[in-house]
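Engineer: Here you go, one structure.
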Amino acid sequence: MTAATAERMSRVDTAWLRMDNDVNLMMIVGVWLLQPAVTLAAVRERIGDKLLKYDRFRQKAVVDAMGASWVEDEAFDLARHVVPATLKRRRGEDARQALQRLCGELATTPLDPAHPLWQFQLVEHYDGGSALIARIHHCIGDGIALISVMLSITDGGSDPPRRPPASEDGTHEGEHDWLADAVIKPLTELTVKAIGMYGGGVAKSIDMLANPYQPLLGSMDMARTGVQVLSDVAALALMENDSPTLLKGRPLGRKVVAWSEPLPLDAVKVVGKGLGCTVNDVLLACAAGAIGEYLAGRGDDPAGKQIRVMVPVNLRPLDKAWQLGNRFGLAPLVLPIGIANPVERVFAVRARMAELKGSYQPLLAFGVLAVSGLFIKPVQDAVTGMFAKKTTAVMTNVPGPGTPLKFCGSTLRQTMFWVPASGEIGVGVSILSYGGGVQFALITDQALCPDPQQVIDRFAPEFEKLEWLTLMLPWHGQHDD
């Protein structure tokens with residue numbers, strides 16, 4: 001490997017690369033439902049023409065003593081990365097259940113580390129059309145970046161801008177700009193507060209963000225940095241523990257997925273306007289209600305309980321998403337699953353979301369991940385494990401295109417995705433708006449939630465209850481805060 005062929009991997013991306021464990025693989029898994037059917041040849045042609053214009057999808061991740069690098073895969077074969085899949089139905093299964101089972105199995109099947117860490121599987125005949133399952137390792141990019149990539153392969157999708165040649169350190173001109181604009185500058189005022197509340201370790205981690213691609217040199221530097229980062233993590237550890245529920249415990253590493261039919265986005269917006277809340281407030285409140293109802297149905301009374309979910313917060317300008325990589329922090333959001341009244345619950349969510357605005361916790365979480373990427377794996381596991389101990393689930397809420405897209409001439413009628421959970425977190429919640437609808441998807445560990453469809457099926461009824469109660473409220477109060 002030479003400097004000309006290797007591109008240094010950022011600390012955060014290195015952390016995600018090394019975060020795989022025996023119960024959670026760091027893959028983003030997504031499904032596209034297409035109508036009518038598409039052929040494997042057409043999908044391979046499109047992927048080869050569009051996706052491979054991103055250098056990252058021809059590169060493999062090579063680990064070394066100081067972290068990792070992106071290196072061109074000289075044995076790259078598109079047929080290895082775009083493959084056919086067949087649904088094998090078990091007795092009593094319909095096509096959707098068989099597809100969900102396949103997605104769960106793929107979520108626990110590692111990608112080949114000897115080649116680029118992504119793969120598409122095409123179920124050519126599914127429900128009168130086709131189903132395309134995508135698996136992409138998180139070290140390649142976060143959700144915002146990968147949505148940009150996936151949009152580029154749709155009909156009429158734009159190619160990524162041309163990247164300038166890499167410098168001697170393996171980085172590209174302009175790729176540090178997002179740090180200054182989205183992270184370093186906003187931290188100017190927050191640093192003083194952070195130092196006052198949690199000590200100088202926070203400031204040190206922030207300083208290190210200015211050079212995210214530069215490896216740490218020397219064992220003494222590593223040791224000093226380790227102490228500082230553990231101090232930062234201690235600040236996160238001061239958060240109160242989650243309420244104990246059936247959704248917390250030791251995962252087994254067998255995944256189950258489920259998804260809902262989309263709700264009309266316009267209806268969600270009307271409810272939000274009527275309550276003086278955002279669309280996010282409404283959807284998160286419905287998610288909390290669905291989880292609470294599920295637990296109650298399993299004999300786990302949610303009354304008075306709340307669970308914490310880690311919510312990704314984008315830290316990059318959206319026009320830089322094509323550069324890939326991970327540019328997000330994590331914000332701890334408490335979901336009031338124990339509040340039975342839907343209106344009271346949505347107001348509680350709104351209050352919790354307001355508390356997170358202006359918080360530096362996502363930036364702190366980013367700094368912790370950035371530095372932990374260069375630790376030996378047992379130390380990194382201990383650092384990232386701190387997030388898992390205080391958290392029940394990872395939750396993402398992503399806005400997609402408002403109008404349906406085309407892919408290889410077919411209509412993309414429905415799309416869903418699942419994000420990975422770190423440590424021993426066993427639940428991943430995804431909310432995605434697309435084509436005028438919004439839907440709820442869930443990935444769980446079989447040991448903690450063997451049938452996530454039971455949670456999913458409660459999502460629409462929770463929204464309907466909130467919708468009816470909103471219509472019954474006095475209209476003069478619709479703009480009250």
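The values are calculated or read from the model by the stated rules, or taken from the named source; none is laboratory data. Just so we're clear, the structure is a prediction, and the values are computed from it rather than from any experiment. For neighbour counting, all protein chains shown are included, and Cβ atoms are generated from backbone atoms with ideal geometry for every residue, glycine included.
Engineer: So, of the residues in region 387-431 that are touching a helix residue (DSSP H, G or I) at 6+ places or on another chain (Cβ under 6 Å) and in a loop (DSSP other than H, G, I, E, B), which turns out to be farthest from HIS137 (Cα to Cα)?
Structural biologist: Once the filter is applied, the top-ranked residue is CYS408.
Engineer: Yes or no: region 283-305 includes at least one residue that is modelled with pLDDT under 90 and not in a helix (DSSP H, G or I).
Structural biologist: yes
Engineer: Then there's this: So which of ALA85, ALA42, ALA6, ALA37 ends up being touching a Ser or Thr at 6+ places or on another chain (Cβ under 7 Å), under 15 Å from LEU132 (Cβ atoms) and surrounded by fewer than 19 Cβ atoms within 10 Å (Cβ to Cβ)?
Structural biologist: After ruling out the rest, the residue left standing is ALA37.
Engineer: Looking at (1) surrounded by 15 or more Cβ atoms within 10 Å (Cβ to Cβ); (2) among the hydroxyl-bearing types (Ser, Thr, Tyr); (3) assigned to a loop (DSSP other than H, G, I, E, B), which is the only condition THR109 fails?
Structural biologist: Here THR109 meets the rest and fails (1).
Engineer: Could you grab me the full set of residues in region 52-89 that are of a type in the set (Lys, Arg) and at pLDDT 95 or above?
Structural biologist: If the condition is that a residue be of a type in the set (Lys, Arg) and at pLDDT 95 or above, then ARG58, LYS60, ARG80 are the ones that fit.
Engineer: Are there strands (runs of 3 or more DSSP E) fully within region 8-76 with at least 3 residues that are under 26 Å from VAL419 (Cβ atoms) and among the small types (Gly, Ala, Ser)? List them.
Structural biologist: 67-72
Engineer: A further question on this structure: Return only the number of the condition from (1) surrounded by fewer than 17 Cβ atoms within 10 Å (Cβ to Cβ); (2) in contact (Cβ under 8 Å) with a residue 12 or more places away in the chain that GLY92 does not satisfy.
Structural biologist: Here GLY92 clears every test but (2).
Engineer: Still on this structure, I have one more. Among the candidates PHE57, PHE76, PHE120, which residue alone is over 18 Å from VAL256 (Cα atoms), of a type in the set (Phe, Trp, Tyr), surrounded by fewer than 17 Cβ atoms within 10 Å (Cβ to Cβ) and in the same structural domain as GLY141 (by TED's automatic domain parsing)?
Structural biologist: Testing whether each residue is over 18 Å from VAL256 (Cα atoms), of a type in the set (Phe, Trp, Tyr), surrounded by fewer than 17 Cβ atoms within 10 Å (Cβ to Cβ) and in the same structural domain as GLY141 (by TED's automatic domain parsing) leaves just PHE76.
Engineer: May I ask you to say which residue of VAL309, VAL271 is in a helix (DSSP H, G or I) and surrounded by 19 or more Cβ atoms within 10 Å (Cβ to Cβ)?
Structural biologist: Of the residues listed, the single one that is in a helix (DSSP H, G or I) and surrounded by 19 or more Cβ atoms within 10 Å (Cβ to Cβ) is VAL271.
Engineer: Filter region 67-122 for residues that are of a type in the set (Ser, Thr, Tyr) and within 30 Å of ARG11 (Cβ to Cβ) and give the result.
Structural biologist: Answer for region 67-122, where residues must be of a type in the set (Ser, Thr, Tyr) and within 30 Å of ARG11 (Cβ to Cβ): SER69, THR108, THR109.
Engineer: Would you tally the residues in region 123-142 being surrounded by fewer than 20 Cβ atoms within 10 Å (Cβ to Cβ) and not in a strand (DSSP E or B)?
Structural biologist: Counting residues in region 123-142 that are surrounded by fewer than 20 Cβ atoms within 10 Å (Cβ to Cβ) and not in a strand (DSSP E or B) gives 2.
Engineer: For the subset of region 312-352 comprising residues that are part of a loop (DSSP other than H, G, I, E, B) and aliphatic (A, V, I, L, M), which member is surrounded by the fewest Cβ atoms within 10 Å (Cβ to Cβ)? Before you say what the answer is, go through the steps one by one.
Structural biologist: First, the residues of region 312-352 that are part of a loop (DSSP other than H, G, I, E, B): 315-317, 324, 326-327, 336-341.
From what is left, the residues that are aliphatic (A, V, I, L, M) are 315, 324, 337, 339-340.
Values: LEU315: 21, LEU324: 23, ILE337: 28, ILE339: 23, ALA340: 14.
Only one residue fits best here, namely ALA340.
Engineer: Sticking with this structure for a sec: If you check every pair at least six apart or on different chains, which have Cβ atoms under 8 Å apart with a residue in region 12-31 that is in the same structural domain as ALA145 (by TED's automatic domain parsing) and surrounded by 23 or more Cβ atoms within 10 Å (Cβ to Cβ) first and a residue that is basic (Lys, Arg) and in a loop (DSSP other than H, G, I, E, B) second?
Structural biologist: VAL12/ARG327
Engineer: Among (1) at pLDDT 95 or above; (2) part of a helix (DSSP H, G or I), there is one condition THR444 misses while meeting the rest; what is its number?
Structural biologist: Unmet for THR444, out of (1) at pLDDT 95 or above; (2) part of a helix (DSSP H, G or I): (2).
Engineer: Would you check if there is a residue in region 324-340 being without any contact (Cβ under 8 Å) to a residue 40 or more places away in the chain and farther than 28 Å from GLY426 by Cβ?
Structural biologist: No, region 324-340 contains no residue that is without any contact (Cβ under 8 Å) to a residue 40 or more places away in the chain and farther than 28 Å from GLY426 by Cβ.
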